[in-house]
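Notes follow once the structure below has been shown.
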Amino acid sequence: MSKQQANRGSFSSSIGFILAAAGSAIGLGNLWKFPYVAGNSGGGFFIIAYFLFALILGVPVMLSEMVIGRNTNLNAIGAFQRLNKKWTFVGAIGVIGAFLILSYYSIVGGWVLKYIFSYLIGADFGADKVAYFNNFVASPVEPVIFHLLFLGLTACVVTLGVSGGIEKASKFMLPALFILLIGLVIRSLTLPNAIEGVKFLFVPNTEVFKDASTTSNMLLSAMGQIFFSLSLGMGIMVTYGSYIKKDSNLTTNTFFIIGLDTLMALLSGLVILPAVFSFGYEPAAGPGLIFSIIPAIFEIMPFGSIFGLLFFTLVFLAAITSSMSLLEVVSAYFIDTYKWNRKKVTFILAIAMGIVGIFASLSMGPLSHVTIGGLNIFDTLGFITDKLLMPIGAFCTTIFVGYIWGLNNVKAEVELNGMKFYFYRAYSILIRYIAPVLIFIIFVMGLFA
Ligand code: PFF
């Protein structure tokens with residue numbers, strides 16, 4: 001290892017890495033998207049499909065990214081460039097994608113902070129929670145301030161480095177998140193009629209097999225959800241992988257991260273859906289669910305404002321550990337390539353993302369007339385990253401690993417230090433034939449859906 005590589009920092013232990021990477025995976029995707037999508041796309045059948053895709057898509061792609069990172073000890077762009085100059089663009093897709101995702105992800109992070117503050121000062125979301133939320137996000141100043149605050153907090157952690165910042169924060173935040181989640185699951189499951197929510201989530205709903213389009217919708221939603229939820233295709237696992245020590249077992253790490261992410265998704269379903277059904281609401285998609293329905297429920301629940309505060313603290317922890325990974329992907333590129341000082345790079349990047357995010361935030365209010373193909377700036381950023389960059393990045397990663405760099409190199413990296421790659425044969429089939437085809441389908445369907 002060269003001196004420069006030794007100076008980049010590293011995770012101090014495998015568990016530190018697993019918690020940081022799981023922190024990246026567990027995020028808003030688990031909390032506001034999974035419960036709704038799972039319930040509405042077949043319940044138990046969706047969950048079976050989700051498990052299946054986690055294994056055949058999530059495992060090979062995540063492992064491949066981790067291998068590329070650890071093999072090169074470099075940021076996403078540097079790693080692909082080192083292995084094959086012509087494929088540098090795959091790393092660039094990740095770095096650009098991470099920049100864009102964080103620009104809008106931190107707006108939602110800012111909303112979460114606003115709700116935490118509101119609960120701290122005695123939550124008053126008015127009679128109409130939907131109107132309250134819509135007015136808040138459309139206002140020109142407050143959401144922007146919270147967005148910048150959220151980004152500033154993310155930058156503060158990332159400035160402290162890999163083991164001193166990201167790893168330390170994750171080691172504290174993930175267990176805290178888990179405890180909060182368990183507490184809230186218990187609260188939610190003991191509400192009257194909670195069983196309806198559990199049924200909505202778990203009972204297989206044969207309606208999804210009604211016709212070909214509902215079935216394919218379920219499969220596509222499960223695949224899309226796996227992607228976003230596991231932070232794939234954005235150079236996250238390449239970058240984090242570059243900080244793992246050579247004696248860490250990459251296959252075990254992969255299963256742990258995916259297992260933790262799936263567990264948290266199921267648990268957040270068990271917090272949200274029983275509460276929603278118990279109070280007679282309909283589960284809704286997206287922001288409406290956690291920023292409107294949930295505050296309405298906490299308002300009528302005994303000690304609801306305490307649970308509200310705990311819930312939004314949970315969402316905050318989930319969001320900031322994901323944000324840290326996004327910022328690190330971009331920062332690492334500048335640190336490795338230009339040898340810039342971590343503090344300086346991180347804050348300059350946070351400011352740049354802050355500025356892009358300001359436009360995205362205003363696009364829900366004063367700038368709502370600015371649209372691109374019918375989408376406002378916020379939704380355009382989401383479209384570019386989720387529907388274009390993530391699938392393209394992941395697709396190219398599978399092709400690169402399966403056909404260009406070569407599976408022997410993957411095997412050698414996984415088997416360093418006498419580790420065993422038990423499922424190498426399955427991996428090689430998945431990464432060469434199955435994953436690229438599935439990702440291609442997500443990509444094409446995502447564009448036309
Ligand atoms: N996995 C995160 C979530 O579920 O909220 C979001 C995310 C983080 C997506 C990092 C992509 C990414 F590169």
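The values are calculated or read from the model by the stated rules, or taken from the named source; none is laboratory data. The structure presented is a predicted model; accordingly, all values stated were derived computationally and were not measured. Reconstructed Cβ throughout: ideal geometry from the backbone, glycine too, with neighbour counts over all protein chains shown. To get the accessible areas, we keep the full protein, side chains included, count just its heavy atoms, and leave off ligands, DNA and RNA. Shrake-Rupley method; radii C 1.70, N 1.55, O 1.52, S 1.80 Å.
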| Nearest 20 debye, what's the magnitude of the dipole of segment 1-90 about its Cα centre given +1 on Lys and Arg Cβ and -1 on Asp and Glu Cβ? | 440
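Using Cα-Cα distances under 8 Å and only pairs 6 or more residues apart, what relative contact order does the chain have, in percent?
On the way: 708 pairs, mean separation 152.5, N = 449.
Here the relative contact order equals 34 percent.
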| query | How far is helix 88-120 tilted off the main Cα axis of the chain, in degrees rounded to 10, range 0 to 90? | reply | 30
| Order of 35-47, 406-418 by packing, highest average Cβ count within 10 Å first? | 35-47, 406-418
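Taking segment 177-230, which trypsin sites (Lys or Arg not before Pro) meet the DSSP loop condition and have no more than 13 other C-beta atoms within 10 Å? Display every interim value, and only then the final one.
Values: sites: R187, K199, K210; in loops: K210.
Here the trypsin sites (Lys or Arg not before Pro) that fit, given the DSSP loop and packing criteria, are K210.
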| query | Ordered by residue, what ³J(HN,Hα) values in Hz, to whole numbers, does segment 260-276 give under the Karplus form 6.51 cos²θ - 1.76 cosθ + 1.60, where θ = phi - 60° and Gly and Pro are x? | reply | 5, 4, 5, 4, 5, 5, 5, 5, 5, x, 7, 7, 7, 5, x, 5, 4
| query | For the chain, what is the accessible area per residue in Å² when the probe is 1.4 Å? | reply | 38
| request: Quickly rank 324-331, 201-208, 157-164 as a protection proxy: mean count of other C-beta atoms within 10 Å, highest first. | output: 324-331, 157-164, 201-208
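If DNA, RNA and ligands are ignored and the probe is 1.4 Å, what is the ranking of F256, F316, F34 by accessible area, most exposed first? Provide the component values of the computation, followed by the final result.
Details: F256 115, F316 35, F34 5 Å².
Highest to lowest solvent-accessible surface, that is F256, F316, F34.
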| Hey, which lysines would be in cross-link range of K245, C-alpha to C-alpha under 21 Å, not counting anything within fewer than 8 residues on its own chain? | K3, K168, K171, K411, K420
| When we measure straight from the Cα of K210, which lysines land under 24 angstrom away, once same-chain ones fewer than 8 places off are left out? | K33, K199
| query | Around M364, which amide H atoms from residues at least 5 apart in sequence, or from another chain, sit under 5 Å from its own amide H, with H modelled in the peptide plane? | reply | none
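Given the -39500 (n - 2.57) contribution per DSSP H run of 4+ residues, what per-residue ellipticity at 222 nm results for the chain, rounded to the nearest 500 deg cm²/dmol? The partial results should precede the final answer.
Numbers: 22 runs with 306 residues, N = 449.
My calculation for the chain gives -22000 deg cm²/dmol from helical runs alone.
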| Going by average Cβ neighbours within 10 Å, how do the peptides 271-283, 118-130 rank, with the highest at the top? | 271-283, 118-130
| request: Please work out how much accessible surface Y338 shows to a 1.4 Å probe, ignoring ligands, DNA and RNA, in Å² rounded to 10. | output: 110
| request: Specify the residue with the greatest mean-square fluctuation among L317, L362, L232, computed from a Gaussian network of the chain linking alpha-carbon atoms under 10 Å apart. | output: L362
| query | How large is the dipole of the chain about the Cα centre if only Lys and Arg carry +1 and Asp and Glu carry -1, each at its Cβ, rounded to the nearest 20 debye? | reply | 1520
| request: Report, to the nearest 10°, how far helix 14-25 tilts away from the longest principal axis of the Cα atoms in the chain, using its own Cα long axis and a range of 0 to 90°. | output: 50
| note | Share (percent) of C-alpha pair distances in the chain greater than 36 Å works out to 24
